[in-house]
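What follows draws every value from the coordinates through simple rules; no lab data is involved. Remember, it's a predicted structure, so these values are computed and weren't measured experimentally. Methodologically, a virtual Cβ is constructed for each residue, glycine included, from the backbone with ideal geometry; neighbour enumeration extends over all protein chains shown.
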Ligand code: SF4
């Protein structure tokens, strides 16, 4: 897709850009659904994904709920994007991993493009940052602050709520897996 007017790019054009990047679904983000919740942070603290306190992209390094709420309040619009994959069974971990990898690749591509249009945009991905084989947290500063982005969960968002408020499904049915991310713009 060729962007002809960087200053007046519409949300629909950004959604088209996202679909061209490979996402299976994309839509307008309902900004009122951005409620940053302590209970989601508590799930991070349970450390089931083994990333809590081990990455600049995860709590507690990503800052307080108050700081992210204040930052998000400075944005007027955004888009939400999803990658859905099929699984041969509920235990098809290979397909889950493949879909996650595809989603990360799609989102990296989209963030790179959107940052060229809106340098100050705020991307929120899915899962911990995997740019480096081993995160430098906490001993050294992040090696790639312009490449990394925290996840929606790390910021305390309940993804199912954000999806349904934004007109997208959270779950696309049995034996599917969906990864969701968003970008705040303007
Ligand atoms: S870019 Fe590297 S150092 Fe920075 S958060 Fe990601 S993994 Fe950690």
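Overview of values
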quantity	calculated
Inter-probe distance in nm under a simple model that places probes 7 Å from Cα toward Cβ, at residue 147 and residue 12	3.6 nm
Length added when fully stretched, residue 136-residue 116, from 0.36 nm per residue minus Cα-Cα	4.5 nm
Full-stretch length increase - residue 90, residue 39 - with 0.36 nm per residue and alpha-carbon distance subtracted	15.7 nm
Peptide ranges 59-69, 98-108 listed from the most packed, as the mean C-beta count within 10 angstrom indicates	98-108, 59-69
Relative contact order (%) - segment 6-185, alpha-carbon pairs under 8 angstrom, separation at least six	36 percent
Neighbour-count ranking [beta-carbon atoms within 10 angstrom, fewest first] of 162, 81, 35	35, 162, 81
Shape call, the chain: gyration tensor on alpha carbons, a/c limit 1.5	rounded
Gyration tensor verdict on segment 50-120 (Cα atoms; rounded if a/c is under 1.5, prolate if a/b is larger than b/c, oblate otherwise)	oblate
Spin-label model distance (nm) - residue 101 vs residue 47, 7 Å beyond Cα toward Cβ	2.8 nm
Span from the segment 61-78 Cα centroid across to the segment 94-132 one, whole angstrom	19 Å
Residues of segment 138-157 with amide N under 20 Å of a point placed 7 Å along Cα→Cβ from residue 31	152, 155-157
165, 51 arranged by Cβ crowding within 10 Å, fewest neighbours leading	165, 51
Separation of the residue 19 and residue 70 label points, Cα + 7 Å toward Cβ, nm	3.9 nm
Förster radius 30 Å - calculated FRET efficiency between residue 186 and residue 54, Cβ distance, rounded to 0.05	0.35
